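Shown next, in structure tokens, is the structure this report addresses.
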Amino acid sequence: TLKKDIEDFNAYVDLVQGGAALKVLTGKVDSAYNTIKAAEAKAIKDAYDAIMKDGKVTTDEADAVKALREAVEAYKAFYKVENEAATYPAGVSENELTGTKGVETLLSEAVVKAVEEAIAKLPADGSDPAAVKAAREAYNALTLAERVSVDPKYYDKLVDAEKMIKFTAEDAKAYVQDLSIAVRTAKVGKKVKVTAKADVQTLIDN
């Protein structure tokens, strides 16, 4: 902020005095500014290198990848020069983030693979409803592009497993406990009519 204040003051001097008046010197401020900028760029590059230390990205590193993206965007926003393209920190360009071997691309591939592996482990007879539900939730959490990249055979297996799920008494109880019920009242003559609506089709089907 000190650097910006000095630049604004010097611009004011140019505007009012035509450059003849004494300006505030920026040498030390510029040096400190560039030192901090370089340190922040190095921290971002170190974070990138830590993720890519083994040349791959795992689902466990999702938070680290998100933090890296946020750090890059903050760097670009803070150090952007007016009327110029945003500057990326040295060593971490958009290609390192979203390129073919970028961290975000590799993370996306790892997430898709994890979903496929979870579906592959599902018993075909639907005997593990919890696993089927977890696999469906994981699939639904994928982005549209990630869903498209899932091998169709895995999605078909997920759908087949869902059809084979056998409801036990405990499953039915849990289903009813989570059921959303809408109750409405309406006056009909001198009486009050109460109607309750809930999606119980899944329970009926099973």
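Lys/Arg Cβ at +1, Asp/Glu Cβ at -1, dipole of the stretch 138-206 taken about the Cα centre: which of 194, 161, 145 is farthest positive-ward?
194
Residue 119: net charge of surrounding residues, Cβ under 13 Å, Lys/Arg +1, Asp/Glu -1, itself excluded?
Result for the local shell: -1.
Summing -39500 (n - 2.57) over the DSSP H runs of n ≥ 4 in the chain and dividing by its residue number, what mean residue ellipticity at 222 nm do you reach, to the nearest 500 deg cm²/dmol?
-19500 deg cm²/dmol
Grab the alpha carbons of the stretch 68-206, take their convex hull, and tell me the volume per residue in Å³.
Convex hull of Cα atoms, per residue: 220 Å³.
What's the carbon and sulfur percent of the chain's accessible surface, probe 1.4 angstrom, rounded to a whole number?
57 percent
With the contact rule set at Cα under 8 Å and sequence spacing of 6 or more, what percent relative contact order holds for the chain?
13 percent.
Report the charge-dipole magnitude of the stretch 1-145 in Debye, nearest 20, computed about the Cα centre from +1 at each Lys and Arg Cβ and -1 at each Asp and Glu Cβ.
Here the stretch 1-145 has a charge dipole of around 260 debye.
Could you rank the peptides 2-13, 124-135, 73-84 by their average count of other C-beta atoms within 10 Å per residue, with the highest value first?
Per-residue mean Cβ counts within 10 Å order the peptides as 124-135, 2-13, 73-84.
The values are calculated or read from the model by the stated rules, or taken from the named source; none is laboratory data. In this text, all values refer to a predicted model and were calculated from it rather than measured experimentally. Every residue, glycine among them, receives a Cβ derived from its backbone with ideal geometry; neighbour counts consider all protein chains shown. In case anyone asks, the SASA skips ligands and DNA or RNA and just uses the protein heavy atoms, side chains included. Shrake-Rupley method; radii C 1.70, N 1.55, O 1.52, S 1.80 Å.
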